Amino acid sequence: MTSFLRTMLKKKAFANAVMFVLIIGGLISGNAIRQELYPTQEARTVEIIMNMQGASPDEIDKSILQIIENSLQGIDGVKRIESEAKEGVGRVKVLLLDNSDTSQLFSDIKSVIEQIDTLPAGVEPPVITIPAQVEKALSLIIYGDQPHSWLLNTAKTIRDDLRTGFEGTPGLHKVELAFPRNREISVELTENTLRQYGFTLEEVADTIANASLDLAGGTLLTEQSDIVLRTSERRETIEQYRDIVVAKSQDGIPVRIEDIAQLSEGFSQSTLECWFNGLPAIQLDVYAVGKETPTSVEKTVQEYLDTTATGKFQGVELAIFENQAAAYRDRLKLLIDNAFLGLLLVLIILGLFLTPKVAFWVMVGIPTSLIGGLILLPLMGGTLNMLSLFAFIVTIGVVVDDAIMIGEAIHTHQMNGLTPLEAAVKGVKEMGGLVFLATITTITAFLPMFFVPGEMGVLFHQIPAVVVAVLIVSLLESILILSTHISTNTALPPYLRIIEKPQQKADTILRSFIAHQFRPLIRKFVHHPVITLAAAISIVLITASGIAGGLLGFSFTPTIDSDTAIAQATLPYGTPKEKSVEIANRLIESGRRVLQENQLTSTGMLSVIGTRLDEGEVEVESLAGTHYISALIPLPPEHQHPFSTREFAAKWQQAFGSDHELEALNFTGETNVTGGEPILLEVFHSNPAIAQEAALHLGERMRLVGGLTSVDDGVRTGKPEIHFKLKNEGLDLGVTTSELAKQLRHRFHGSEALRFVKDGDEVKVMVRLHADERKDYGILSQVLLKNSSGVLVPLTAVADIQQARSFTTIKRRDGKRIYPVTADIAFGISDDDVEEILETRLIPELLHKFPGVSVHFAGESEENDEALSALANSFVIVSGIIFLLLVFHFNSFILPLIIMITIPFSCIGAVWGHILMGYDLSIISVIGLIAMAGVVVNDSLVLVTTYTRYLSEGASRTQAIIDAGCNRFRPILLTSLTTFFGLVPLLMETSEQAQFLIPAAISISFGLLVGTFISLVLVPVLLAINPQPLKASVSPYQPAET
């Protein structure tokens, strides 16, 4: 082994080649790694959309969704099933287990759905998809004072240009219309016309369908060639439908469509409309797919606007909106600036406390390890995003730790008179195994993050992916590259020798401190171990009691200040569109006033009615309604305005005021990276009426809780309904329930004649009652239905008419009908405080008032509980693995326990750090605790190993403890200082965008400050208390130099 090491360490050219390969390979790999603002996850959901135009939510739920849910029961790999029924559409979401085969389950679910044969007539074929998990890079707004059709055609042209490419520029993979509206040709007849000619709307629709055919008629086999026969009467324009003959007059004159009906071409009765800066608009969403990045997409779109689009589109304007590339650049710059500043502080510390040569090569090793880690990052499933970039900052301290362990050992042997080469061989032999074990234990400590389920697991995965990749490269760099360079006699460049005098002075001061202050101090601690341990335990108990007493709160996921302020308003279901437009205009106008009053600019103001809008993401069109209004106002970069987006949203809400007609109104300037509602309570009772009453009561009580905002009890007053029930006389007159429902549906919703594709869009031809009559309640008294004999009979003679009101939405979870009560948590309020109020006061009160009701925490809270449970279970297993590794290394149970005990003691620093900095504990803090624990364990591991080595060399137990502490003082101090100061810039960062990362930085930095004391004081004390010290060797012992 020694000869092999000596041979390897002589090959400086090979070490340099490996270093250059790591750097160049890392840069190439880094350029190819996917870039995104936050990591996206693999789709774990199968979505089923069922459309049945005109059907009520209750009809959708009973006749479609419940049948689908029942058919999906028992499929392996399904986590839960959620369904939602609204007017005309139903959606079933099948959530899959994390370890399931998505493709296979999709096939199984699709096969089950396609075999269902009990769905009602009129339901459209199911749309079964796995929602794409792709990142939207930006939106492109096409707006102007033009008709919707003009804007739409312009948007389609731009979409096609961007997809196919332009002027030599490759196209983009995914460019889509954000708010698509179905095109339609409408044929409308009056009730008098139907009575005059004696036909139904369905018969008119059949006539139109039969007159618009494009069918192959076989092949004529002539001697010369085969000739295809085709009947071609394809009609695509409104003019082509006008001359279709539907009847003949008594005089035998053909009666055409245009003679009896009003024809129009436009869009379906869609609720979706969009405005930008007060003008009608169309929004195109552009996504980053595959190797595309937000910045590359932005570059392509901007190039299109600067070249092809210039002067091409008259009467409209184009604007980039919600540019994620700009946000990505801002976050990237923020972290890189903090990383470089932290690295500079690390280099200053290394230069002061290590010899110039060792310090220089340790410095070189840091970027080598970080850049080289990019080679392995894709193999670990990592991408370049906010979380992974932060992880690179975290690993700086661990990388320095490895390098210091090797560098210090080599430097010590050089000071003892060995040649650089022999010192390197001995140093690597002495510390190489420990560095390897330390690396393995640190990697193991991060493994639990790989096994966290759900959306939180997607975020967590990025941290260990970076740590594992960087630590593997760091291990190679410290053992091979660093030791090779230190083993040579090559002198440093003259410009680096200027730090020799400051370094020598700092080294003298440090050695003097160790010899004259630390050694006597550690001797006192070791001679009075019980008092020292009691004091440490007292601090732990005081800290624990402070936490139990509410001194420190817990918020699972801290929110991030968004780049966009969002307002969402909800009116009663069925509210006229004009009222929604009024609210949308008020939202935009009040937002404009706030911008002007604070001298701010915005890239534009977007308002939408007909859907809930969350930073550009919209719901399925038919799952929305005119009662939903959304408005978005992006703010300039953070440094260009004096307050956070959250504060802007509060000012916006104040400027808007209130409106008594609104059922819900919410202004937000925050982003939750995991998505989901912070508070979501699902209320269930076997009797829906009782569940509804309980949900209303719970919502009312939650509005009185100070820490909750935007409380929504989930109960909506539905549209008024008119119910028709067939009389016995109706049966006698030859009208069935089926015919009654069908003929009414055709009148007021329409009878679909046919569909065709034109310019890439599907166009429906619908036949229905005239628009004026569809607005007139009195028309019901004039409706005549055709019975089985072809005779027209009055509607009032065959059916009873009753007025009622429907539910707007019906939601189910695993077959149970639930009422979701949602709320946001106010800024500065911890999750623990809110959940305690709910669990100890509000929910027990509700269960007492409404016997039989059950309340289930769902949404973000449920995901968080699952994540914490998985993290805790994995951490127990991982702790066991680390313990076994240490037992194997020491061949002892006591020494590994001493090392493991340092972890909870070090957490004291993290807790008090959060208190001093004014932050709640969060799951981000836990990430920092794991990183901190890895470094503390490594420091303690090396100290205890040094102690056992001194014992084996013949030292007394007390002498071995004191000498081991003094020997490891410098590297432990350096590790703590470099890690702490590497994170200081982030700790001092005032940017709102960095706030959610700071808890992790607090855990690491403050935890290590206390961890340094734990490793240098408490570990020696525990070693002194250890009743089973290792047996000393009879070989002579040489006291360690300080």
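Considering the conditions (1) at pLDDT 70 or above; (2) touching a Lys or Arg at 6+ places or on another chain (Cβ under 9 Å); (3) among the hydroxyl-bearing types (Ser, Thr, Tyr), residue 611 is excluded by exactly one of them, (2). Cβ-Cβ contacts under 6 Å between residues 6 or more apart (or on different chains), taken from a first residue in the stretch 930-951 that is over 15 Å from residue 405 (Cα atoms) to a second residue that is charged (D, E, K, R), are listed as 950/963.
Filter the stretch 961-1007 for residues that are of a type in the set (A, V, I, L, M) and without any contact (Cβ under 8 Å) to a residue 24 or more places away in the chain and give the result. Lay out the reasoning, then the answer.
First, pick out the residues of the stretch 961-1007 that are of a type in the set (A, V, I, L, M): 961-962, 964, 972-974, 977, 983-984, 986-988, 994, 997-998, 1000-1002, 1004.
Hit for the stretch 961-1007 is 988, nothing else.
Taking the stretch 655-717 and the strands (runs of 3 or more DSSP E) fully enclosed by it, the elements with 3 or more residues that are farther than 30 Å from residue 62 by Cα are at 664-671, 708-712.
Taking the criterion of being in contact with a Pro (Cβ under 8 Å, 6 or more places away or on another chain) and part of a helix (DSSP H, G or I), the residues of the stretch 305-325 that qualify are 324, 325.
Given the criterion over 23 Å from the mean Cα position of the chain (by Cα), at pLDDT below 80 and not basic (Lys, Arg), identify the matching residue among 641, 660. Don't jump to the end; show me each part of the working.
Values: 660 fails: at pLDDT below 80.
So the residue among 641, 660 that is over 23 Å from the mean Cα position of the chain (by Cα), at pLDDT below 80 and not basic (Lys, Arg) is 641.
Scanning the stretch 593-608 for residues that are over 15 Å from residue 645 (Cβ atoms) and touching a helix residue (DSSP H, G or I) at 6+ places or on another chain (Cβ under 9 Å), which turns out surrounded by the most Cβ atoms within 10 Å (Cβ to Cβ)?
My answer is 606.
Residues in the stretch 40-56 that are touching a Ser or Thr at 6+ places or on another chain (Cβ under 6 Å) and buried (at least 21 other Cβ atoms within 10 Å of the Cβ): 56 alone. Tell me whether the stretch 878-897 contains one or more residues that are modelled with pLDDT of 85 or more, within 29 Å of the chain's Cα centre (by Cα) and not polar (S, T, N, Q). Within the stretch 878-897, one or more residues are modelled with pLDDT of 85 or more, within 29 Å of the chain's Cα centre (by Cα) and not polar (S, T, N, Q).
For the stretch 573-613, a residue qualifies if it is assigned to a loop (DSSP other than H, G, I, E, B), out of contact with any Gly (no Cβ under 9 Å at 6 or more places or on another chain) and not small (Gly, Ala, Ser), and the qualifying residues are 576, 598, 599, 600, 601, 603, 612.
Answer yes if at least one residue in the stretch 95-105 is under 29 Å from the mean Cα position of the chain (by Cα), in a strand (DSSP E or B) and buried (at least 17 other Cβ atoms within 10 Å of the Cβ), and no otherwise. Within the stretch 95-105, one or more residues are under 29 Å from the mean Cα position of the chain (by Cα), in a strand (DSSP E or B) and buried (at least 17 other Cβ atoms within 10 Å of the Cβ).
Restricting attention to the stretch 794-812, the residues that are part of a strand (DSSP E or B) and either surrounded by fewer than 18 Cβ atoms within 10 Å (Cβ to Cβ) or among the small types (Gly, Ala, Ser) (or both) add up to 9. Among the residues of the stretch 737-793, those that are within 19 Å of residue 203 (Cα to Cα), of a type in the set (Val, Ile, Thr) and surrounded by 15 or more Cβ atoms within 10 Å (Cβ to Cβ) comprise 765, 767, 783, 793.
Figure legend. Inter-residue proximity from the stretch 727-740: first residues among the β-branched types (Val, Ile, Thr), second residues part of a loop (DSSP other than H, G, I, E, B), beta-carbon distance below 7 Å, spacing 6+ or different chains. Indicated pairs: 735/787.
Would you point out the residue of the stretch 623-638, among those that are at pLDDT 80 or above and of a type in the set (Val, Ile, Thr), that is farthest from residue 610 (Cα to Cα)? Selected residue: 633.
Here the helices (runs of 4 or more DSSP H) wholly within the stretch 1-80 that include at least 1 residues being under 30 Å from residue 722 (Cβ atoms) are 57-60, 66-72. Considered as a group, the residues in the stretch 705-736 that are more than 19 Å from residue 803 (Cβ to Cβ) and among the charged types (D, E, K, R) include one that is surrounded by the fewest Cβ atoms within 10 Å (Cβ to Cβ), and that residue is 732.
Can you name the residue in the stretch 760-775 that is part of a loop (DSSP other than H, G, I, E, B) and under 16 Å from residue 750 (Cα atoms) and, of all such residues, is nearest to the chain's Cα centre (by Cα)? Among those residues, the one meeting the criterion is 775. In the stretch 870-884, the qualifying residues are those that are surrounded by fewer than 16 Cβ atoms within 10 Å (Cβ to Cβ) and of a type in the set (A, V, I, L, M), and the one that is farthest from residue 442 (Cα to Cα) is 872.
The one condition from (1) touching a strand residue (DSSP E or B) at 6+ places or on another chain (Cβ under 7 Å); (2) in a loop (DSSP other than H, G, I, E, B); (3) of a type in the set (S, T, N, Q) that residue 118 does not meet is (1). Applying the criterion of being among the aliphatic types (A, V, I, L, M) and touching a residue at least 40 places away in the same chain (Cβ under 8 Å) to the residues of the stretch 239-259, the residue that is farthest from residue 753 (Cα to Cα) is 255. Put simply, of 265, 223 the only residue that is of a type in the set (Asp, Glu) and either closer than 30 Å to residue 171 by Cα or under 55 Å from the mean Cα position of the chain (by Cα) (or both) is 265.
Filtering the stretch 350-383 to residues that are touching a helix residue (DSSP H, G or I) at 6+ places or on another chain (Cβ under 7 Å), within 26 Å of residue 292 (Cα to Cα) and either of a type outside the set (Val, Ile, Thr) or free of Cβ contacts under 8 Å to residues at least 12 places away in the same chain (or both) leaves 370, 372, 373, 374, 376, 377, 378, 380, 381, 382.
Among the residues making up the stretch 447-468, those that are touching a Gly at 6+ places or on another chain (Cβ under 7 Å) and modelled with pLDDT of 85 or more are 461, 462, 465, 466. Within the stretch 98-123, the set of residues being hydroxyl-bearing (Ser, Thr, Tyr) and at pLDDT below 90 comprises 100, 102, 103, 118.
Answer yes or no: is there a residue in the stretch 418-426 that is farther than 23 Å from residue 979 by Cα, out of contact with any Asp or Glu (no Cβ under 9 Å at 6 or more places or on another chain) and among the β-branched types (Val, Ile, Thr). Talk me through it step by step, then tell me what you get.
First pass over the stretch 418-426, keeping only residues farther than 23 Å from residue 979 by Cα: 418-426.
Subset that is out of contact with any Asp or Glu (no Cβ under 9 Å at 6 or more places or on another chain): 418-426.
Checking which are among the β-branched types (Val, Ile, Thr) leaves us with 419, 425.
For the stretch 418-426, residues farther than 23 Å from residue 979 by Cα, out of contact with any Asp or Glu (no Cβ under 9 Å at 6 or more places or on another chain) and among the β-branched types (Val, Ile, Thr): present.
Tell me the residue from 421, 447, 437 that is surrounded by fewer than 24 Cβ atoms within 10 Å (Cβ to Cβ) and closer than 30 Å to residue 865 by Cα, please.
Details: 421 fails: closer than 30 Å to residue 865 by Cα; 437 fails: closer than 30 Å to residue 865 by Cα.
After ruling out the rest, the residue left standing is 447.
The values are calculated or read from the model by the stated rules, or taken from the named source; none is laboratory data. Quantities reported herein were computed from a predicted structural model and do not represent experimental measurements. Don't worry about glycine lacking a Cβ; one is built from the backbone with ideal geometry, like all the others, and counts go over all protein chains shown.
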